[in-house]
Structures are given as C-alpha cells and as structure tokens.
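Right, one structure below, let's go through it.
The numbers here are math on the coordinates, done by the rules we state, and not lab data. None of these values were measured; they are calculated from a predicted model.
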Amino acid sequence: MSREKEEDSFSILRIYDEPQERRNMPESSGVSSQHEQAQYQPDSPYETLQIPPCSPMQPSPVYQEMSGMTQEQWDLQTLDTSELQAMWFSEVEPGEAAEAGPSFLPGPALGPPCSSPSPSREVWSLLRAVPPIPGETVVRQRPPRDSWKVGTLRHGKRVYAVAVSGATHRMYTCGSGYVRVWDESALHACDKAPEAQMNLQNPQNCVLACKLFPDEQSLITGGVSQTLTLWDLVPTPRVRAQLASTGPMCYSLAISSDAHICLACFRGFVEIWDLQNQILIRKHEVPIYGSRCVDIAGNKFWTGGEDTSLYSWDLRSYQRLQQYNLQNEILSITHDPSEEWMLVGLRTSDIIILHTHRKEKFKAVLQKYTHHHSLKFSSCGSYFVTTLDESIHCLAAPSLQRLFQVKEPSDILCCDVSSDNRYLVTGSKNSATVYQLLY
C-alpha cells in the first residue's frame, strides 16, 4: 500500500432528526419495523449511506401497498425464513419451473406470475448448493428510540474512564486512586454504595483509560502510572498482573477482538502487549503529537492526536500504511463490530468515517468546537453514541438519524454501552450517569 498522504477530501454527510410523521407512527402497525429492516441493512454499517431528506415523510408506494395488504398477503410476508428457502430451493427441474411456478404464488392478489425465462440447470444447481441461512444472521437489532436516566454512581472524584458489562450489568468507574465496582442494583439508584473498590498500587496514580476483555471477565487499566494493570473481575475483583510500561502516562488503550493483543498509547509511541503471556512485544514509535488515541481493527491499528493526522499501521510489519490529514485535532477513535469502519472524533465535533480496506471516506458535520469528544459503537452495529462536552447524541448506523439527544449538567469525559445494548453510562466531574436504552 502507498505511504503517501491521502487526499484531504471527504463526502459530506448530514445528521438529521426523525420526521414528525415517522415519530408518531404507531409501533403496533408493523410498518415501522418493516421500514427499519429496510433502512438498517445487515451488511457493514456504512456500506450504503443514504440520508433521507429532512422534509416531512410522505407515504411511499411501498407504504401504501403494505397498508392495503390483505390478511393472506400479510401471512405470506411473515413466512419463516426456512419456509421461504424451502420454496426457493425446492427440487424443481428447470423444465418444470414454468408449470410449477404459479403453484406457490398466493393467487391473483399479487398479480400474474412472472414471465421471465426459466433458470438454467447451472443456476438451479447453484441455488441448491447454497446452505440455509439462519434468521439471526440476517436480522440486525433495531437501534434504541430513546433513553431513560435511571441512576447516578457517586464515584467521588473525576471519572476519566468507564466500562459496563452486558453479562452481569456491573459497571466500573475509574479515576484517581481507585476503580469502583457497581452491581446492577446500583444502576437504578442515586446514593447506593459501590459493591467493591479496587485500589491502585500507588494512591497518587490515576486511571485515564480502561477496556473490558471480550469475555467481560477481565479489565485492563492505564493512565498516570508506570504500569498497566490487569484485573480479574470474577469471582471477586483482584489484581492479576502489573505490566511495567516504558512511559509515564497512558492516554488510550485498545484490545484485539480475540483479547490476545493490547495497544497502549503514550506520547510518541505505542506499546504492543501480548496479553496471554504478559510480555511487551514492541515499543512502536509514532509521531509525538499523533499519539493521543489508538484503536485496533483486524491486522491494522490506528493512531491520532494533536497533529491533526490519522495514521494506520500494519500490525505484522509495523509499517505505516496510510496518513489522512483531517485538519483538526483528533480526540477519539473507535471501530464498528465488523472492524470494517473507523469513526474518528474531532475537536470540531465532526465525525470522520473511514473504511479500513476501501478508499471510502465520509465526514458527518456538526460544526461545534468541543473540549471532550468520546465515541462508542454498539455491539449490534445499528447505532453509535457520541458525547460532545455536556451533550449525548445517539445516531443510527448507517443512516446517521439522530435517535435521541440528552444534555448533562457538566462535561462528559467518557462513555460506554453494554454489550447487550441495555445500558449507556457516562463519566463526568465526580460521578457516572446511567441510562437505560428504550426500544
């Protein structure tokens, strides 16, 4: 791949709010869910970036046709995937297709049968070779429609990093001197004491970044300290290991999807750790002002910071692959669950959307100068959360529809979403706020 700087041009995307007519559409009608399935395709989140207009939504021909459907037609629409595949991949020879075709059509209500030529034997052979597709692999979870503030976690100091488990609904708030653990009962309260407190080896140290392992049974923290700390979370929280780092302050952490590799971002370099053997693989030099944020996706990792450039690196050869001039300071980097798309949060609050393999680049423009910009993609891939100073924006993927917006009384320093997509947690001046996501 070329090391040359990429062209500084992006396709501009618009974040839009839901039209009033769509918002008031009754969920029981079934039309809203059909529309969502059409809008949120099961492919990678930004494969088709279609931004609907902001004008009030008019009933489309599809909507009108669905509204006038008979019960028989609705029954056909709701057939199980396996039933449809049984119809599509039935053992009908090409010569018999013309005769057998009308037999499984619902009748004249859907119009006359198609008069297109019958498929060839090769096509039928290919169709029979396609294995059945389980329904859960082609249906993505719908994004939340709103949020409800359910609790406040009194951490006592600034909360610089948070993590929430989807399996146990435990939350971890990190700051100076300690990490506090909160059980699910505390999520729906305002003054409940933490379940446990994990003290740092040096009370003067401060955690600036934390990452849950994919199995949510371990946590790694880093910050103002000469070490990265590995914590076992079950059955009770305890220190598993202290990884001696070579820098005084870790700004950001990233873990590979298989939890084998951890990247720790320091000023001017990134440490690459083998988590299984707890050994430092490499101290990789990066531009000194391009090392505030780090993320890993597949065999690449990405860094960025004050120098306004985003860099991608090969995790095997450690060569720099690409450099994007974003013209604004980079405050956060994250990826979608497929690891095909990177989101980059800028000081201007704009969001850069890049494909990790193809030369596809987009910019969602918000045009607001911000001090703090955090990004978190949901595990289901149908939405992501961006926090800009004191405001929270939840945006649908890939449409960039604003699902809901919340304003907090003070600046938000960090955020996380549970892997089961039930809770959103934000960290701020001396506490963390818990939101339940509503569907």
### Message
Suppose the Debye formula is applied to equal point scatterers at every Cα of region 250-313; what is log10 I(q)/I(0) at q = 0.19 Å⁻¹?
### Response
-0.61
### Task
Using amide H atoms built 1.01 Å from N in the peptide plane, name the residues 5+ places from residue 420, or on other chains, whose amide H lies under 5 Å from its own.
166
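List, in the order given, every pair from 300/368; 211/376; 376/407; 300/361; 407/429 whose Cα-Cα distance in the structure shown is over 19 Å. Intermediate values should be presented prior to the final figure.
Numbers: 300/368 30 Å; 211/376 12 Å; 376/407 17 Å; 300/361 17 Å; 407/429 14 Å.
Those over the limit are 300/368.
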### Other-chain or far-sequence residues with amide H under 5 Å of residue 208's (modelled H)
222, 223, 224
### Message
Considering only C-alpha atoms, what is the centroid distance from region 242-265 to region 360-430, in Å?
### Response
23
## Note on the structure
Hydrodynamic calc, region 365-404: Kirkwood Rh from Cα pairs, then Stokes-Einstein at 10 °C with viscosity 1.306 mPa s, so D in µm² s⁻¹ is 150
